[in-house]
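The values are calculated or read from the model by the stated rules, or taken from the named source; none is laboratory data. Small disclaimer: the values here were computed from a predicted structure and weren't measured. Neighbour counts are summed over all protein chains in view; Cβ atoms, including those assigned to glycine, are modelled from backbone coordinates with ideal geometry.
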Amino acid sequence: MSNLLKKVGGEGLTPIGQIGVPALIERITSQGVHRQASTRLGVGDDAARILSLTNEECVVTTDLMVEGVHFDTTYFPLMHLGYKVVVAGISDVVAMNAVPRQILLALAISAKYTVEAIEELYKGVHAACAEYGVDLVGGDVTSSTGGLTLSITAIGSAPAERMVGRSGARKGELICVSGDLGAAFMGLNLLEREKRIYREDPGIQPDFGAYEYLLQRQIRPAARIDMAAVFDRLGCLPTALIDLSSGLGRDIAALCRASGVGCRLYEDRIPIDPLVHELATHFHIDPTLCALSGGEDYELLFTLPASVSEKLEGHPDISMVGYITEAEDGLVLVSHSGQEHELHRRMYTPEVQ
Ligand SMILES: [Mg+2]
């Protein structure tokens, strides 16, 4: 993490204008290999060619990340940013229970970014493509008058009967999440604290020590591509599925709205890592709020028939956090003390004190 607070430009580095955009594109895409049989033609022509798979449907999703809104390059390493934007795209494909196959990445870059900085970003893009077995098949690079903007498009496919949307949740079903929540948000708080310290004394290098897990959850998130096999082993597909990019509070609200149902969540069932508890206490933040409002965990939120509840007891990948109710019952959070709260009242953005 020694390069964490490194500047994006600097002496000895190459301005993009010196080599031009076509040469830059050549540099950042030349290492692209094709892993998917459906990729017939990738980067290099006016458009990519993708083979239509028999008996499968395609899913296509796009996401935008804007400097100063979604990330801060003073502490977010460019390689990790490239990795994360690919994960964000793949996570949306996984959230349809489809298999990610190809991505396209478009960038708008301001003059402060050098050739080396963009190459660093693409190291992360290619690393994520290799990790998830997807092909980079296109994109665009153009200049920007302010900062860096990344637009990721991800393509996936699956047989129609395996796809799961947000709208299938029904009363009495179990609300479940994969993994643990709130760690990415605590990782962000940690980075922002280090940025303040660095501004006061650039000689001090960040030391994340015991909190490395939280940092990793923020700068190197994982898309839950493995959950499709977990559902297969359970013997049933979710009735509704969404990825946790905006926080449990907003994402369960989106799922319930799409399904026309309400929910009852139990605070003591929300999986939160002990490190999140520890650091949240230190920062005077309510750990539950990190899970509800933090976002960027890229875990999955889904509903399952009540008949599988026994199989979920002590499950290593899945936590039951509540159940689906009727729409008129609203969105309810039952607190540790047993009190009922309207969910949205517990969903403000926590502040570091
Ligand atoms: Mg999503």
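Here is how the numbers come out for the structure above:
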quantity: Single match in L300, L265, L304, L289 (criterion: crowded, with 20+ Cβ neighbours inside 10 Å, of a type in the set (A, V, I, L, M, F, W, C) and modelled with pLDDT under 95); calculated: L289
quantity: Pick from the range 43-70, criterion of a type outside the set (D, E, K, R) and free of Cβ contacts under 8 Å to residues at least 60 places away in the same chain, ranking: nearest to S151 (Cα to Cα); calculated: H70
quantity: Scan of the range 299-329 for residues that are under 30 Å from Y211 (Cα atoms) and either among the β-branched types (V, I, T) or in contact with a Lys or Arg (Cβ under 7 Å, 6 or more places away or on another chain) (or both), ordered by number; calculated: E299, L300, I318, S319, M320, V321, G322
quantity: Residue pairs meeting the criteria (Cβ under 6 Å; at least 6 apart or on separate chains; first over 22 Å from Q36 (Cα atoms), in the range 142-155; second in a strand (DSSP E or B) and of a type in the set (D, E, K, R)); calculated: G147/E67; L148/E67
quantity: Test: residue in the range 207-222 that is in the same structural domain as D63 (by TED's automatic domain parsing), surrounded by fewer than 20 Cβ atoms within 10 Å (Cβ to Cβ), within 16 Å of the ligand (Cβ to nearest atom) and within 17 Å of the chain's Cα centre (by Cα); calculated: no
quantity: Residues of the range 223-263 classified as aliphatic (A, V, I, L, M), more than 15 Å from the ligand (Cβ to nearest atom), in a helix (DSSP H, G or I) and in contact (Cβ under 8 Å) with a residue 24 or more places away in the chain, total; calculated: 3
quantity: Residue match in the range 90-108 (condition: of a type outside the set (S, T, N, Q), out of contact with any His (no Cβ under 9 Å at 6 or more places or on another chain) and more than 27 Å from I242 (Cβ to Cβ)); calculated: yes
quantity: Residues of the range 149-188 that turn out to be surrounded by fewer than 22 Cβ atoms within 10 Å (Cβ to Cβ) and assigned to a helix (DSSP H, G or I), as a count; calculated: 3
quantity: Restricting the range 52-73 to residues that are modelled with pLDDT under 90 and surrounded by 12 or more Cβ atoms within 10 Å (Cβ to Cβ), the residue that is farthest from G138 (Cα to Cα); calculated: T73
quantity: All positions within the range 213-244 that are polar (S, T, N, Q) and closer than 24 Å to R170 by Cβ; calculated: T239
quantity: Answer from A111, A95 - the residue that is within 16 Å of the ligand (Cβ to nearest atom) and among the small types (G, A, S); calculated: A95
